[in-house]
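To keep things clear, I will list the structure first and then write my remarks on it.
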Amino acid sequence: MSKIINKVIIVGGVAGGASSATRLRRISEQVKIIMFEKGKNPSFANCGMPYFLGGQIQQRDALIVTSVNTLNKRYNVDVRIETEVVKIDRENKQVICRDKNNKEYVESYDKLILSTGAEPIVPPLEGIHHPKILTLRTLEDMDRIKELVDSSKRCCIIGGGFIGLEVAEAITHKGIKVDLVELLDQIMPPMDKEMTAPLHKDFEKQGVNLLLKEKCVKFSENQDGSVNVHLDSGKVIRTDFVVLSVGVKPENKLAIDSGLTVGQRGGIVVNEHMQTNDPDIYAVGDNSEIEDYVLKTRTQIPLAGIANRAGRISVNHMMGVKPDSFRGGQGTSILKGFDITIAGTGVSEKQLIRAGYKNYEKVYSPFNDHAGYYPGAKRMVIKLIFDTSKEREGKILGAQIVGEHEGIANRINAIAMAIQAGMTVYDLEESELAYSPQYGSAKDPVNMVGFIGAGVLRGDQRFIHYTDIQKNKDTTKYLFVDVRTPKEFGTGHFDGAMSVPLEELRDRLAELPKNDPNTVIVPYCKIGMRGYLALRVLRENGFDNCYNLSGGYETYEKLFKSNL
């Protein structure tokens with residue numbers, strides 16, 4: 001450290017601010033730490049709030065992660081709740097504060113950490129300030145919504161992202177009938193559309209009315225106090241209350257007013273040490289713009305894990321402790337539906353398309369979460385995206401997993417770590433993962449997607465994706481060859497498919513159009529394994545016009561059939 005740091009001010013608590021304060025105290029007993037929080041609770045589990053609304057979490061106090069008293073007594077942090085920092089005087093290194101009695105005063109700082117978070121977006125629509133139209137950010141917001149949940153029968157949620165879906169799932173268990181309005185043609189916008197299909201079915205099966213490609217244009221009140229939600233399609237939803245969850249935006253007014261640099265989407269621009277353009281001011285958490293770990297572009301990722309890491313990094317840097325550089329964010333996340341869980345890490349395919357990134361391939365495959373012979377195995381589908389360029393061959397870019405709850409979290413976490421380590425699909429082939437029949441398979445799903453991806457790069461696997469077939473079906477003739485058993489064929493198959501069980505294929509090759517320039521042969525099975533074996537038989541017998549269907553018929557049924 002070039003200068004002695006005597007006093008650090010932290011503006012805002014929760015993940016970033018509280019992590020900064022406690023990390024700083026562990027490093028130094030001498031530094032004076034003041035935390036300003038304009039709410040009443042400096043450290044609470046905002047990710048748990050939907051589940052208090054639904055009754056899964058019974059005690060409100062369970063959401064208090066670190067109380068004011070604990071921060072004061074255990075960490076010697078001067079916590080000033082219900083006090084807002086209204087201005088930063090960078091020249092004199094001071095902040096102007098306003099307490100709950102509207103009294104203003106000044107505090108000096110050596111270093112300043114902004115952990116102001118992100119605030120819910122509230123669109124300027126007619127009637128939006130009705131008392132029964134609410135957002136969910138603070139515990140006080142939660143309390144108001146809880147009162148309505150306990151006294152209502154219907155709720156309309158605007159927005160089908162994390163918060164909207166978590167609230168919908170939680171309060172449905174309380175008997176609330178939920179209408180969910182989403183502007184896009186899918187729920188869970190961060191994920192690729194096809195991966196959300198099982199989640200969509202899951203919510204509809206439980207009675208949640210999903211209104212996709214619908215835009216809310218205004219609100220009105222009925223005589224009984226209920227709310228009308230008016231959509232641009234002309235539909236009107238009558239409901240008891242509304243939860244707005246259309247996204248968040250960085251709370252950046254302090255930064256802008258003090259001349260700190262913000263990005264195009266409003267995030268406070270920071271370097272790898274979480275420093276702003278003022279070296280004595282740091283920004284951490286949902287208010288900041290960081291580097292995308294995979295694409296190396298600028299992004300905003302409002303997740304608690306990233307806020308916690310950023311808080312620690314900022315303090316390490318100001319105190320001269322390693323590690324003091326933030327690697328970037330990759331958006332590792334997971335959401336529980338009713339009977340379906342969805343998770344992702346790294347970049348999605350839609351992100352790559354938006355970025356103009358073309359040197360990639362993807363593989364799909366369904367798996368059991370543990371050995372199929374052990375009772376209770378659940379199904380999941382993994383989508384793995386990897387680089388195909390010569391310089392970065394096989395490097396893992398992203399993954400998404402959807403399926404029944406069991407086993408999804410540990411697989412997405414394993415792949416997230418692989419991305420952090422710069423690993424490739426070849427490395428996934430060789431990864432040694434814990435195995436017992438209750439928990440996995442000798443060849444874990446993570447290994448298996450590595451085998452498949454590596455096979456593609458080596459030329460052993462020749463895949464065709466169902467989306468490509470749909471795209472080219474008017475100009476190319478595709479012959480589906482179902483190599484499952486006749487019984488499996490009878491449970492469902494592609495229109496016009498030939499039934500040629502794998503065990504009969506070698507004896508029936510003459511029935512197939514060999515190297516017909518106008519026909520592509522697509523052998524397929526349930527998940528892709530027998531389709532791959534069929535592909536090898538065809539290739540070894542001189543068939544060049546053939547491709548295995550990526551992920552097999554199960555992947556088609558779960559991800560694509562409902563999207564046609």
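Quick rundown of the values:
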read-out: The chain, relative contact order in percent, only Cα pairs under 8 angstrom and at least six apart counted; value: 11
read-out: Qualifying trypsin sites (Lys or Arg not before Pro) in the range 472-550, DSSP loop, other Cβ atoms within 10 Å at most 11; value: Lys473
read-out: Within the accessible area of the range 376-465 (1.4 Å probe), percent carbon and sulfur; value: 49
read-out: Within the range 1-158, percent of DSSP bridges classed antiparallel, to nearest 5; value: 45
read-out: Förster-model FRET efficiency, 56 Å R0, Glu82 and Ser389, C-beta, rounded to 0.05; value: 0.55
read-out: Label-point separation in nm, Ile27 to Asp257, each point 7 Å along Cα→Cβ; value: 2.8
read-out: Chymotrypsin sites (Phe, Trp or Tyr not before Pro) within the range 328-392: DSSP coil, no more than 15 neighbouring Cβ in 10 Å; value: Tyr373
read-out: Positive-end extreme of charge dipole, the range 39-154 - chosen from Tyr105, Ile128, Ile88 (charges on Cβ); value: Ile128
read-out: Added length on full extension, which subtracts the Cα-Cα distance from 0.36 nm per residue, Glu503 to Met417; value: 27.0 nm
read-out: Interchain or long-range residues, amide H under 5 Å from Glu119's placed H; value: Lys249, Glu251
read-out: Check: the range 2-146 dipole with +1 on Lys, Arg Cβ and -1 on Asp, Glu Cβ, in debye; value: 440
read-out: For the range 160-176, Karplus couplings with θ = phi - 60° (6.51, -1.76, 1.60), whole Hz, Gly/Pro x; value: x, x, 4, 5, x, 6, 5, 5, 4, 5, 5, 7, 4, 5, 8, x, 7
read-out: Tilt relative to the chain, helix 139-151 - C-alpha long axis, 0 to 90 degrees, to 10; value: 60
read-out: Helix-only [θ]222 nm of the chain, DSSP H runs n ≥ 4, -39500 (n - 2.57) each, per residue, nearest 500; value: -7500 deg cm²/dmol
read-out: Mean-position separation - Cα centroids, the range 96-146 and the range 453-503, in angstrom; value: 54
read-out: J(HN,Hα) series, the range 307-324, from Karplus relation 6.51 cos²θ - 1.76 cosθ + 1.60, nearest Hz, glycine and proline x; value: 4, 4, 4, 5, x, 5, 4, 4, 5, 4, 5, 5, 9, x, 10, 9, x, 10
read-out: Cβ-Cβ FRET estimate between Arg265 and Tyr105, R0 fixed at 30 Å, reported to 0.05; value: 0.35
read-out: Potential extension, Ser220-Met529 segment - 0.36 nm per residue separation minus Cα distance; value: 105.7 nm
read-out: Accessible-area ranking of Leu512, Leu457, largest first, probe 1.4 Å; value: Leu457, Leu512
read-out: Loop trypsin sites (Lys or Arg not before Pro), the range 50-139, which have at most 12 other Cβ atoms in a 10 Å radius of their Cβ (DSSP); value: Arg74, Lys100, Lys103
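The values are calculated or read from the model by the stated rules, or taken from the named source; none is laboratory data. Just so you know, these numbers come straight off a predicted model, no measurement behind them. Methodologically, a virtual Cβ is constructed for each residue, glycine included, from the backbone with ideal geometry; neighbour enumeration extends over all protein chains shown. Side chains included, ligands, DNA and RNA excluded: accessible areas come from the protein's heavy atoms. Shrake-Rupley method; radii C 1.70, N 1.55, O 1.52, S 1.80 Å.
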